[in-house]
Structure formats: structure tokens, C-alpha cells
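Inspection log for the structure reproduced underneath, given as C-alpha cells.
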Protein chains: 2
Amino acid sequence: MNTRFYNAKILTLADDHKFAITEGELWVKGDTICYIGRAEEDAFAGGAAAEGVMAGSEPIIWDREIDVRGNLLMPGFKNAHTHTAMTFLRSYADDLPLQDWLYQQVFPKEGQLTEDDVYWLNILGIMEYLTSGITSNFDMYFFPPVDAKASADTGFRTVQTSGLNNFGGTVELMEENYHIVNEMSDLTSFIIGFHAEYTTSKELMEGVAGLAQKLKSPVWLHNSETKSEVAECKERWGMTPTQLTDSLGMYEYGGGGYHCVWVEEPDFEIFKKRKLTAVTNPASNLKLASGICPTKRFVDEGISMAIGTDGPASNNCLDMFREMFLTSTLAKVREMDAECVSADEILYMATAGGAHAMQLDDCDSLAVGKKADLIMIDLQQPNMQPENNIVKNLVYSGSKQNVKLTMVNGRVLYEDNRFEIGFDPKEIYAHANRIIRRMQ
Amino acid sequence: MNTRFYNAKILTLADDHKFAITEGELWVKGDTICYIGRAEEDAFAGGAAAEGVMAGSEPIIWDREIDVRGNLLMPGFKNAHTHTAMTFLRSYADDLPLQDWLYQQVFPKEGQLTEDDVYWLNILGIMEYLTSGITSNFDMYFFPPVDAKASADTGFRTVQTSGLNNFGGTVELMEENYHIVNEMSDLTSFIIGFHAEYTTSKELMEGVAGLAQKLKSPVWLHNSETKSEVAECKERWGMTPTQLTDSLGMYEYGGGGYHCVWVEEPDFEIFKKRKLTAVTNPASNLKLASGICPTKRFVDEGISMAIGTDGPASNNCLDMFREMFLTSTLAKVREMDAECVSADEILYMATAGGAHAMQLDDCDSLAVGKKADLIMIDLQQPNMQPENNIVKNLVYSGSKQNVKLTMVNGRVLYEDNRFEIGFDPKEIYAHANRIIRRMQ
């Protein structure tokens, strides 16, 4: 598929975590962006605009030409922490603190999930991602090869990690899944991870560290999500979760933590030294009353950040616009400082920051040679007007309603409220309703 | 216009701030809901289902019959505090603390606004309300008769209050506007109010209290929005803003406060004694780093609450789904208690709670005899599936993207992303962009 977008505003990445907007065309050849620049009268790449990029190459035959009519093309959002298949528990058990919610509601229901269930529940989550302009997810759930297959089958990009803990999984199985998922498709990859310190024995964690070193992989885990998690870890080991996992040799190839709410003073140094990324999950942290991430401090320290929705059982939706607004404004209210953390910084976290955390460096921004993971934003809606500042409009006023089109790897998967993923939405909803009813 | 909705799930109000869902039909005759109940084969009101309601009356001739196909009809949201025409300042001056933002950025620009500007900027805001399923606003801005005319002309319901303060307005002008707006249209009304204690002299406040008593009107103001506002009021008067305004005789006919973040112990007693409503504006309070409203305490005390977006310059959008999620989850994180404040309570605030604050008791819920201010929610979207709990899906996962139709006073003003307000959206956007560019 070759696609020509024209009459577009195009959001490109400038230096220093800042964005610029240029007007013109963006061309996609196969799965890759091959041209960004001014309009050409001759759409078949013979003109001056395509020089340098297209010089000497065959004219492109367009499968599709899309008039963006003053709307915005921007990189797709990267959802840097989620448990996609938890869609079945949306609005099922809310209004509980994390420990009760997890042990009394979530774990017993999850124990009844089959691989087939997880496949369909993943597709429901992927549909929701597409409506929010999310083009890839960093997913931790049961059956990573099944999760990955749901992505590959629908055309969605996924990075899987393991949720290994004392109640399920082995280091050997993780190694197997690492190879299966990394080799499955150019849309699927796998990075080493485990659930969390509070659910995982030291022996298992040592096994994870050993595997990460063997495979030269970063390591990811839920880290410092709740106050009690950190207090209990310190009681058990005399160290914070960050200190403990570092001491076990987890981070030779980097990695990072999900949530990172109750990070302590020495932890910031470890994040910097090991070049770890802090993924914030603000909606989930509010809803489970876990706390508010020290986003300003991470930014001030120069520590990389990304944004995730967490799973739909705790959020309860998969909407990066809501997460961006929360990441920004919770930083402001936490510090009682309305000036802190700019809109550009937030948008960077939600796009390039996530891509770097997920080792998707070729999907981080709109530039020639990058993968065509992009979205079209409808600026001709009241919440995007007037156009005083498009980046601020996106971060402070943007909504799923503004997502007109979502393209992953050069393929349009969602456009004008319709899905192009090879499945009928009604069939997917029926699967989800049947699965949760079966468990009641 | 007579409209028959069929094949619908219908959200009705049960006792105790709780909602119920029934399946069937909802009929609108003119501006009023005339039937809610089971489906009839004969749509012309001759059948048994319509007995009691329609007995003895003429058969209804439907102008339109809408197949809701398992989607949801629910009452429209009431935006209980806003400054609609501030749309021109969206994303213009962000990331500033309230006092700097207000005095250095907002006031100088507002000084340049003409009545004509305010008319067009109101319509932009009304369009945004409709996309979010908001069917009425409680608006405080310059030129209330102009604000009200923009509502009447587009078919939108508005309750205006005055923004009187030391820099603009008089009590006499407020009295004049009270009559003009209350008599303009059945879509427009006016309740007494002023900007805030920190911008208004004691003499003016005494005038407001006198006018409220004369007209038997409630009184509204920005109350205890920031910590410094309350501290400075106590320094000036030895009383909190709530105590001071009560001592001036403001609340003989009730009323309430916008924001209500830094409410102190004696204030809760005054809210209860005077039956005042606390309107929370969570997005604005986060973005201006003002603080987090003690929502749980208000609810526990049995004090009425409603939800508002505040103006688009400080939010920066007009989205009641975002406000509902924030009201709920900020209460949870403030109290570090994931169980506090139920989803039903939040939805009640956003609908009936707002209606009662705005003296729109005939618009508070879907019931026979109530005004047809209602919306259709698309449940056939991934963020609304599975249907474990529709109220929780609305509050925790709902989005503007789910709003398929917005009806005010029996007229469809928005449907499937199209506006039926008598104006071309492009024309409205052009007005807004021209106004802010003129000021630069």
C-alpha cells in the first residue's frame, strides 16, 4: 500500500522535546514514510519536491490519496503500559483499593481465562486503542504469544513483556516466549519483564536478571505503585524496589518501571545511572487511590518518561488524551505550580518517549525513513478552535473524537469510526460479553 | 417537532441518587417527554402502552422516529459553571498560576471584547457543549443578554449569572439583565451572582445581597478556589468567603459556590444551613494548580453538588466526561480511599445535581412531563464494552466520541458529528480565529 497525504499540517519533532508544524505532504511507501515536504503538482513523485528521496527510484503508484484539508498528521500514541485483555473486567469491580481489587476480584477471574478468551479480549482492546490514536502498546498479560497474535492478525503493533510472578510462569517459558514473539511478525516484539517485587520471589527475580543479561534485554516491572508496596519491600529487603532490582543486576541493558509513584531519593540516581524510563499511569493511580507520580522531578532530573493507560480494569478506558491531560495537570497540582511541565514535554512522552521505552525507535516521530505509525487529527472541531497553539490544543483539549484516522505500519486500521481490522465489531463485543457472563 | 425513540435503553432516576435502566420507547411531544415505557406495535399512541399518558388525547403524528438500536438515552449533562465565550483564549496563555493568568493575560484581552465577539465566541462554546452531550450551561460572562441570545438563537438552554466586580458592572445593570434574560426565551434564565469576594467591594456585595432578597433569587460566586483567596479574605474580614457572604445576607434564597476547594470547617455548616450547592471544577483546579475539592466530605455531609467545566481558557475544553472522571478519581486520591464516592453519585451531580443548582428542575432527569433535554450514547463502541455496568462505563470510560445525538428542548441540535444550530461551523471557527488575531 502506498498512500499520499496532501493539504496537511504535519507535526514533526524538533530538538529538545519540542514539536514543529509544517504544511504540505507526507508520502507512505509500503510501511515507511518516504517524503515529507511541500506539495507537488505532480503527485507521481517525478517533481522537484521528491528529489533526494526519490531520485533514481521508480515513480510511486498511489493506492490511495487522502486530502487532509488543513487537519493534522501526527505520530501515533504509544501506550507504554497496559494489560490489554483485561477489557473483560471493565466496570466489573471498581471502587476498591489496589490490594483488595487485585487479590479478591482480578486474580480469581483471571484464573478462569482461556487462551481463546485472551485472543478476543485483546482485539477489543486494540479496537479501543485505534479510536484513541494509539498505534502500539507495551503489554503485560498471560499468554504473550496469543496477545501478540491478536496484534499481528489485526495489523496492530505490540511490544510484549512477561507478567511472571510466584503464581504463574517460569523463566524458561519467558525465554521461549521471547523468541516466539520476536520472530512472529515485524509488528510484534518482546522485552524481558516480570510482575512486581511484591509478587515475585528473589530466586525468580535472579532468574529474570540472568535471562536479561543472556538476551541483552532491558527489564520492566510494576515499580513503586503504592506506598505500602515500597514500605513492605523495605521491610523485607532493607531496600526500595528500585534498589533491590538494581542490586540483582536487572538493568545492565536498561529498562524501567511502570507507575513509579512512591519513588524515593536514591531511586532517582539509579534511574539516571541505568538510563531507566519511568512510565506514568495517572488515571489508574487516581482510581485505585495509589497516589500522584513525581513527574516534575523526573523531568527536572532528565529521566526519560512515557505514558500508559494501565489495563482497562483499573482505568477503565484506554484513552491517551485523558492520560496526557492527567500527566500534565497532576504534576501541576502535586507541585502547586501551574507552570511546571510543558505541553510539548507531555506530547513527547506520549509519542517518542513511549517509542524509546518500547525499543521502537523507528516509530517515534514523523520523519523520512520512519515507520508509518501515524494518525490524522480533525482540527475542524470546536475543541480544537481557535488554533492558538496546536500542541496545547492536543494536550489540554484533545479527545478521541478528534481521531479521524489511525495508520499502523502503513495500513489504515481505523477511519471515520470504522475499523479495518478484519473482524466485525459486533462479533468482538459478543465475545467479551459472553466471557464475563460465563464467569458469573 | 414530535420524536419517537424506540429500541432504546433508557437511563431513569431511581431514589437515593441512583440510576436504573429500562428498555423500550421514549416519546417527545414538542419540548416535553410524554411517554417512557415498553414498545408498542402501533407507534401512533393508540395502544395500551400509552394509556394514562395519552388517554383521551389525539394520536401523535411523528415528525421523526429514531431507532436507538440498544444504545442509551440519558439526560443531558448540565455544565454548572463556565465562562463560555472564553473560547478565544483556549491554549492562548497556559501554564500560569491563577492570579498571574487572570490579571496579566485574561483581563487585558477580555477588555478588548465587543458584544459581537462575545456572541460568536458563545456559539463556538455551545457547539463544543453539544459534542459532549451538555444540554445547558450555568454561564458567567460579560453581556449576559448577548450570551443568552447566542443560546436562544442556536436552541441551547442557558442559565446566566452576573460576573459583577469592582472593574465592571453595577447592581442596577444586573437587575436589568435579570429581567431581560428571564423574559427573552423559555431557553434562557438568570440567577443573581457576582465574580468573587477578592474582586468585589463590601458595598457592591451588600448591593448584591439586597437585590437577591428583592428578587427572591439565589446567589452564586467563585468561592474558596485558591488557598491565598481564603487566607486573604480572612485577613481582610476575619472570616472565610463563605462566612462573609453569609453574614451579608446573600443566601436567604439559597445559591452556592463555584470551585469550593479550600472550604473550612465552619463553611460546611453554612452550606448545610442555607442549602447551598458546591459546584466542583476539577480540570481547571488541577491546571491552575489550585488544589483538589473535598468532594467526599460534601457528599458525606449531604451537601448538594454539581460539576462544571469552568471556562475554556483554564480547562481548556468543555467535556463533562473528563470532569466526571476527575471528580470521582480526585476524591479517591485525595482521601487515599478507592471506595469513596460512587459512580452513580457522580452521574447524579453531572445531571440532576446541576439541574437543581440551575433551577432547571424540569430538566433534571428522563421522566414523563420533563423537558426533552437528552442525549443518545453509542454503546456499540469498544470503550463501552462489555456492558458489565453502564453507569460505571459512562463515568469511568465514557467519551465525547460516544455522543451520537444531543437534543435540547425537544430539538436535535447535534447528531453524528453534524450541528443543527443554524450556523456553518467553518464560519464560527473563522470568527474565533479572527477575534484572537485582532488582539495580537
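The values are calculated or read from the model by the stated rules, or taken from the named source; none is laboratory data. Quick caveat, the model's predicted, so the values are computed rather than measured. Positions of Cβ are generated from backbone atoms using ideal geometry, with glycine treated the same way; all protein chains shown enter the neighbour counts.
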Unmet criterion (only one of (1) closer than 24 Å to residue A:87 by Cα; (2) crowded, with 24+ Cβ neighbours inside 10 Å) for residue B:391: (2)
Looking only at the stretch B:108-116, decide whether some residue is within 23 Å of residue B:362 (Cβ to Cβ) and at pLDDT 95 or above. no
Criterion first (at pLDDT 95 or above, of a type in the set (Gly, Ala, Ser), part of a helix (DSSP H, G or I) and crowded, with 24+ Cβ neighbours inside 10 Å) does residue A:125 satisfy it? yes
Condition first: outside any loop (DSSP other than H, G, I, E, B), touching a residue at least 12 places away in the same chain (Cβ under 8 Å) and within 7 Å of chain A (Cβ to nearest Cβ). Now tell me which residues in the stretch B:378-392 satisfy that. B:383, B:392
Right, residue B:323: under 17 Å from residue B:75 (Cβ atoms), in contact (Cβ under 8 Å) with a residue 60 or more places away in the chain and acidic (Asp, Glu) or not? no
Hey, does the stretch B:28-42 have a residue that's among the charged types (D, E, K, R) and modelled with pLDDT of 95 or more? yes
Here are some residues: B:395, B:403, B:408. Which one is more than 29 Å from residue A:318 (Cα to Cα) and under 20 Å from the mean Cα position of the chain (by Cα)? B:408
Among the candidates B:333, B:368, which residue alone is facing chain A (nearest Cβ under 8 Å), surrounded by fewer than 24 Cβ atoms within 10 Å (Cβ to Cβ) and either assigned to a helix (DSSP H, G or I) or in contact (Cβ under 8 Å) with a residue 24 or more places away in the chain (or both)? B:333
Taking the stretch A:143-173 only, how many residues are buried (at least 24 other Cβ atoms within 10 Å of the Cβ) and more than 19 Å from the chain's Cα centre (by Cα)? 1
Just the residues that are away from chain A (no Cβ under 14 Å) and touching a Lys or Arg at 6+ places or on another chain (Cβ under 9 Å), please, taken from the stretch B:79-119. B:112, B:119
Every residue from the stretch A:128-160 that is part of a helix (DSSP H, G or I) and within 27 Å of residue A:172 (Cβ to Cβ): A:144, A:145, A:146, A:147, A:148, A:149, A:150, A:151, A:152, A:153
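Please enumerate the residues belonging to the stretch B:74-116 that are of a type in the set (A, V, I, L, M, F, W, C) and buried (at least 23 other Cβ atoms within 10 Å of the Cβ).
B:74, B:77, B:80, B:85, B:86, B:88, B:89
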Per-region count, the stretch B:15-30, residues closer than 16 Å to residue B:389 by Cα and either without any contact (Cβ under 8 Å) to a residue 60 or more places away in the chain or buried (at least 18 other Cβ atoms within 10 Å of the Cβ) (or both): 4
Only one of (1) away from chain A (no Cβ under 14 Å); (2) in contact with a strand residue (DSSP E or B) (Cβ under 6 Å, 6 or more places away or on another chain); (3) within 27 Å of residue A:398 (Cα to Cα); (4) not hydrophobic (A, V, I, L, M, F, W, C) is not met by residue B:133, so which one is it? (1)
Residue match in the stretch A:235-257 (condition: in contact with a Phe, Trp or Tyr (Cβ under 7 Å, 6 or more places away or on another chain), acidic (Asp, Glu) and either in a helix (DSSP H, G or I) or over 14 Å from residue A:193 (Cβ atoms) (or both)): no
Might you check whether a residue that is assigned to a helix (DSSP H, G or I) and of a type outside the set (S, T, N, Q) occurs anywhere in the stretch A:91-99? yes
Taking residue A:355 and the conditions (1) over 14 Å from the mean Cα position of the chain (by Cα); (2) more than 14 Å from chain B (Cβ to nearest Cβ), which numbered condition does it fall short on, given that it satisfies the others? (1)
Any chance the stretch A:337-347 includes a residue that's outside any helix (DSSP H, G or I), away from chain B (no Cβ under 14 Å), crowded, with 21+ Cβ neighbours inside 10 Å and of a type in the set (Gly, Ala, Ser)? no
Residues of the stretch A:316-330 classified as of a type in the set (A, V, I, L, M) and either over 17 Å from residue B:322 (Cα atoms) or outside any helix (DSSP H, G or I) (or both), total: 1
Within the stretch A:161-209, take every residue that is under 27 Å from residue A:78 (Cα atoms) and of a type in the set (Gly, Ala, Ser) and give me the one that is modelled with the lowest pLDDT. A:169
Which numbered condition residue B:192 fails, given (1) buried (at least 19 other Cβ atoms within 10 Å of the Cβ); (2) of a type outside the set (Gly, Ala, Ser); (3) under 22 Å from residue B:269 (Cβ atoms): (3)
The correct count of residues that are within 14 Å of another protein chain (Cβ to nearest Cβ) and surrounded by 24 or more Cβ atoms within 10 Å (Cβ to Cβ) in the stretch A:262-293 is 11
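What are the residues in the stretch B:393-419 that are away from chain A (no Cβ under 11 Å) and free of Cβ contacts under 8 Å to residues at least 40 places away in the same chain, if any?
B:415, B:418
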Selection from the stretch A:4-42 of residues closer than 24 Å to residue A:356 by Cα and charged (D, E, K, R) yields A:15, A:16, A:18, A:29, A:31
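To keep it simple, each residue is scored yes or no on (1) surrounded by fewer than 20 Cβ atoms within 10 Å (Cβ to Cβ); (2) outside the structural domain of residue A:102 (by TED's automatic domain parsing); (3) among the aliphatic types (A, V, I, L, M).
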residue: A:203; (1), (2), (3): yes, no, no
residue: A:206; (1), (2), (3): yes, no, no
residue: A:209; (1), (2), (3): no, no, yes
residue: A:212; (1), (2), (3): no, no, yes
residue: A:226; (1), (2), (3): no, no, no
residue: A:230; (1), (2), (3): no, no, yes
residue: A:241; (1), (2), (3): no, no, no
residue: A:246; (1), (2), (3): no, no, no
residue: A:251; (1), (2), (3): no, no, no
Only residues that are part of a strand (DSSP E or B) and of a type in the set (Phe, Trp, Tyr): list them for the stretch A:184-228, please. A:190, A:194, A:220
Quickly run through the stretch A:394-432 and pick out the residues that are surrounded by fewer than 16 Cβ atoms within 10 Å (Cβ to Cβ) and part of a helix (DSSP H, G or I). A:426, A:427, A:430
Being closer than 25 Å to residue A:28 by Cβ, over 15 Å from the mean Cα position of the chain (by Cα) and among the acidic types (Asp, Glu) narrows A:420, A:339, A:345 down to just A:420
Of the conditions (1) within 14 Å of chain B (Cβ to nearest Cβ); (2) part of a loop (DSSP other than H, G, I, E, B); (3) within 24 Å of residue A:195 (Cβ to Cβ); (4) modelled with pLDDT of 95 or more, residue A:313 satisfies every one except a single condition; which number is it? (4)
